[in-house]
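As structure tokens, the structure follows; a few thoughts come after it.
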Amino acid sequence: MLEITLPDYARESIVRFIKDFVGERSVVVGISGGLDSAVVASLCAQSLGKDKVVAVHMPDQVTPPEDTEDARNLASALGIEYREISIGDLVEPMAKRIGIKNLIALGNLKARIRMLILYGIANQESRLVVGTSNKSELLVGYFTKYGDGASDLSPIGDLYKTQVRILAERIGIPEKIRNKKPSATLLPGQTDEEEIGVTYEMLDRILYGMELGYPPEKVAKFLDMPMETVEKIYGMHERSRHKRVMLYIPKIGIRTVNTDWRE
């Protein structure tokens, strides 16, 4: 029950979406050396042509050297332009100036600095910023608001992590990248699944049950999981709602931006 597959039309639909949304413009993608950004960079190259895609890798002191190597190799294999911008000398003085000592706040600062760099490049070169967040991360708020969650378009935003893995294999992403433990690499030794508390396979099945409108107790029964685990995921979804809404605005007029006036 609640098994997740990937429709055969998924790749074609995403490629067409990117092409239609971007049009004649070019894009910039932040690549970490991990799965999601590798898939997005590849799909952008397929959609727009390799000459219209710039991949930017932004390591710091906790970035594993193999991630940097994988990012370089991927960009080379795709034939897209690769730029490497270290953020270590930007993070430390800014954190000191603001007085940030909390590790979570520091990780969020890193993510926002990376997005500043991507938008700086985009503004300077008339590009669009392509996001790399997947549906699993978006639904539980496992991203930094105005950091890695900020972009002009999000091609894999309707694919659960398990679906991204399937798509990655279909489009030829190297096995080394596909088999990596998912990590935001914002903090030493950080992994997604340890922080979330469940594997992506189980997380996605819980979220799929939520998508189908099932209450937590029904999902727990289907998956033979403890209720507290399922309720935790439902709670993460509810508490992170503010990350998925661009603006919270009190309704005064006839139509209100982001409430009943949507673009």
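Structure summary
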{"read-out": "Number of positions in the stretch 94-133 that are farther than 27 Å from PRO188 by Cβ and in contact with a helix residue (DSSP H, G or I) (Cβ under 9 Å, 6 or more places away or on another chain)", "value": "4"}
{"read-out": "Tally of residues being aliphatic (A, V, I, L, M) and touching a Leu at 6+ places or on another chain (Cβ under 6 Å) across the stretch 207-263", "value": "1"}
{"read-out": "Which numbered condition SER76 fails, given (1) crowded, with 19+ Cβ neighbours inside 10 Å; (2) assigned to a helix (DSSP H, G or I)", "value": "(1)"}
{"read-out": "Scope the stretch 127-172; condition aromatic (Phe, Trp, Tyr) and touching a residue at least 40 places away in the same chain (Cβ under 8 Å); matching residues", "value": "TYR142, PHE143, TYR160"}
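Yes/no matrix, rows are residues, columns are (1) surrounded by 12 or more Cβ atoms within 10 Å (Cβ to Cβ); (2) over 18 Å from LEU159 (Cα atoms); (3) in contact (Cβ under 8 Å) with a residue 40 or more places away in the chain; (4) in contact with a strand residue (DSSP E or B) (Cβ under 7 Å, 6 or more places away or on another chain):
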| site | (1), (2), (3), (4) |
| --- | --- |
| VAL230 | yes, yes, no, no |
| HIS242 | no, yes, yes, no |
| VAL245 | no, yes, no, no |
| GLY253 | no, yes, no, no |
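No value in this document is a laboratory result; all are computed from the given coordinates. This one's a predicted model, so the numbers in the text were calculated from it and none came from an experiment. Counting neighbours? That spans all protein chains shown, and the Cβs are built from the backbone with ideal geometry, glycine included.
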